[in-house]
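This report concerns only the one structure given below.
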Amino acid sequence: MAPFCREIHGADISQKMVDVYNEKAQATYETKDKLKASVVDLASTSDNGLGGQEFDVIMCGHAYHHFQDPVEMTKKLVSYLRPGTGTLLILDRITNEAVMHLGAGHGGGHHHHHHHGETSTAETIEQESSHRLPQAAFSQHHAGFEETDIKTLFEGADLADFTFVKMPGYTLLGIPMDLFVAKGVRPSL
């Protein structure tokens, strides 16, 4: 994306992820002066370091299913879009039954029984991901979203020109799933 943008500002709640982004940006691109990331906690009510900036595009990849309140987060993201042209893009997963079972081991109150060393796909994923995903990372949408969910979120945040495109054939930790890209534009004030 860098060759097509004036500036790319990455944001993450994790300092470690911000550091990784900034290191790769500096080492990889000739346009490194256009790339930067910072720690931003959009869920916080205090100043989050964005200082009232407006963006042409906000792209949120593989994060929506972690938000505890996607309704409020969508409204918050839209508030940073330039009126009339600002576009919100979301890349995330379509609801997947196998991923729903993954959340069960993270405070969902379910216990899985296995015999003679057999391991279910959900348990394998839970074991592989438990060291990376804190228990609080699983919201009511940890398994993904349906098109109607995203459309409702976008309409509630007054976004126009809704588009939802399914992208089948992705695999995460051995589980096949479908992804989507959703787009909405902030109307003029």
Exercise for review: Tell me which residues, restricted to the range 159-176, are touching a residue at least 24 places away in the same chain (Cβ under 8 Å) and closer than 19 Å to Leu89 by Cβ.
Suggested key: Leu159, Ala160, Asp161, Lys166, Tyr170
Review point. Restricting attention to the range 157-187, which residues are small (Gly, Ala, Ser) and at pLDDT 95 or above?
Key: Ala157, Ala160, Ala182, Gly184
Review point. Within the set of pairs 6 or more residues apart or between chains, which connect a residue that is in contact (Cβ under 8 Å) with a residue 24 or more places away in the chain and more than 12 Å from Phe180 (Cβ to Cβ) inside the range 144-158 to a residue that is assigned to a loop (DSSP other than H, G, I, E, B) and open to solvent by less than 20 Å² (accessible area, probe 1.4 Å) with Cβ atoms less than 8 Å apart?
Key: none
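The values are calculated or read from the model by the stated rules, or taken from the named source; none is laboratory data. Being a predicted model, the structure only gives us computed values, none of them experimental. A quick note on method: Cβ atoms are made from the backbone with ideal geometry, for glycine too, and the neighbour counts reach across all protein chains shown. Just the protein is used for accessible areas: all its heavy atoms, side chains included, with ligands, DNA and RNA removed. Shrake-Rupley method; radii C 1.70, N 1.55, O 1.52, S 1.80 Å.
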